[in-house]
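The values are calculated or read from the model by the stated rules, or taken from the named source; none is laboratory data. Since we're looking at a predicted model, the values are computed, not measured. Using ideal geometry, Cβ is built from the backbone for each residue, glycine included, and neighbour counts are taken over all protein chains shown.
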Amino acid sequence: MSLDSKTNWDLESQRKFWDDWDTRYLQASSIGNDAIRRGETVLALLQSCRLETPHVLELGCGNGWLAEKLMAFGPVTGVDIADGAIQEARKRVPNATFYAGDSLSLDLPSAAFDAVLTLETFSHVPSQPRFVELMARVLKPGGYLILTTQNRTVYTRRKNVRPPAEGQIRHWVTMNELRSLVQPHFQILKSFTIQPGGDSGFLRLVNSEKVNRILSIIFSKSALQSFKERCGWGQTLVLLARKRA
């Protein structure tokens, strides 16, 4: 079975998959270090936009762990396909607005938001071009898009990656593919990778403990990590873009 699938889904099976996933992995006590790093990265990017009390939309908000932090910037609206996750989010962040449903089907208002954030959701939507069009539509002119998603270059070079489960859409992209999808509607301001990973193909050598131990004699751990991220070998693609006028 292919590890990269767009066909193993329908709306109800997607909802069930993400409800189950949220129950297992997104409980408040189980937010992993990778998710925290992604969260810190997008919060720093949002801060760099210097928006005054922005209205922020988070697509794929899960149980609201990031929405809780976004409230420090301004009003927050969150959308997630998983009913259970949205129930958790409403308890966690009662002053935010949350909708349960497929973002491509919901009647979200046009030109209503100053910033759209979406973390690790892009590879799980049935139509990435339509998802980009949606994000452009709901943003005000000059509004900002902050997006993270799985890096195909790395994830196809990871051992022990399971095939997509029932209801799980999976279509990883490279940075070039992501930029091509976004550029028709947005001016790309920053694009980079974080969290080096991969343990097969050329990344087996890049991330070899033996090789990195030798290199650490000359370079610090943070310098090595930064170098890999600049080379595009981080497992997470990060993009900051601005809606074209």
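Could you please let me know if Leu203 is free of Cβ contacts under 8 Å to residues at least 60 places away in the same chain and either assigned to a loop (DSSP other than H, G, I, E, B) or surrounded by fewer than 19 Cβ atoms within 10 Å (Cβ to Cβ) (or both)?
No; evaluated as a whole, the condition is false for this residue.
Would you check which residues across the stretch 167-206 are under 22 Å from Glu40 (Cβ atoms) and of a type in the set (Lys, Arg) and list them?
If the condition is that a residue be under 22 Å from Glu40 (Cβ atoms) and of a type in the set (Lys, Arg), then Lys190 is the only one that fits.
Please tell me if Leu181 is over 30 Å from Lys140 (Cβ atoms) and assigned to a helix (DSSP H, G or I).
Answer is no for this residue.
Do any residues in the stretch 175-191 that are surrounded by 14 or more Cβ atoms within 10 Å (Cβ to Cβ) have Cβ atoms under 8 Å from those of residues that are among the small types (Gly, Ala, Ser) and assigned to a helix (DSSP H, G or I), where the two are at least six apart or on different chains, and which pairs are they?
His185/Ala136; Phe186/Ala136
Pairs only if they're at least six apart or on different chains, beta carbon under 9 angstrom, first in the stretch 13-29 and closer than 15 Å to Gly167 by Cβ, second modelled with pLDDT under 70 and in a helix (DSSP H, G or I); list them, first residue then second.
Correct list of pairs: Arg24/Ser30.
Rundown of residues vs (1) under 22 Å from Gly39 (Cα atoms); (2) not hydrophobic (A, V, I, L, M, F, W, C), yes/no style:
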{"residue": "Pro126", "(1), (2)": "no, yes"}
{"residue": "Ala165", "(1), (2)": "no, no"}
{"residue": "Arg170", "(1), (2)": "yes, yes"}
{"residue": "Thr174", "(1), (2)": "yes, yes"}
{"residue": "Leu178", "(1), (2)": "yes, no"}
{"residue": "Phe202", "(1), (2)": "no, no"}
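Within 24 Å of Gly232 (Cα to Cα), basic (Lys, Arg) and either within 16 Å of the chain's Cα centre (by Cα) or surrounded by fewer than 19 Cβ atoms within 10 Å (Cβ to Cβ) (or both), is that true of Lys140?
Against the criterion (within 24 Å of Gly232 (Cα to Cα), basic (Lys, Arg) and either within 16 Å of the chain's Cα centre (by Cα) or surrounded by fewer than 19 Cβ atoms within 10 Å (Cβ to Cβ) (or both)), Lys140 does not qualify.
Specify which of the listed residues (Ala115, Ala165, Ala111, Ala82) is surrounded by fewer than 22 Cβ atoms within 10 Å (Cβ to Cβ) and touching a residue at least 60 places away in the same chain (Cβ under 8 Å).
Testing whether each residue is surrounded by fewer than 22 Cβ atoms within 10 Å (Cβ to Cβ) and touching a residue at least 60 places away in the same chain (Cβ under 8 Å) leaves just Ala165.
Suppose we keep only residues that are of a type in the set (Lys, Arg) and not in a helix (DSSP H, G or I) within the stretch 207-245. Which one would you say is nearest to Thr41 (Cα to Cα)?
The qualifying residue nearest to Thr41 (Cα to Cα) is Arg242.
With the condition kept exactly as written, say whether any residue in the stretch 215-224 is buried (at least 18 other Cβ atoms within 10 Å of the Cβ) and either touching a Phe, Trp or Tyr at 6+ places or on another chain (Cβ under 9 Å) or in contact (Cβ under 8 Å) with a residue 24 or more places away in the chain (or both).
no
Regarding Glu209, is this residue surrounded by fewer than 17 Cβ atoms within 10 Å (Cβ to Cβ), more than 30 Å from Asp114 (Cβ to Cβ) and either in contact (Cβ under 8 Å) with a residue 60 or more places away in the chain or among the acidic types (Asp, Glu) (or both)?
Yes; evaluated as a whole, the condition is true for this residue.
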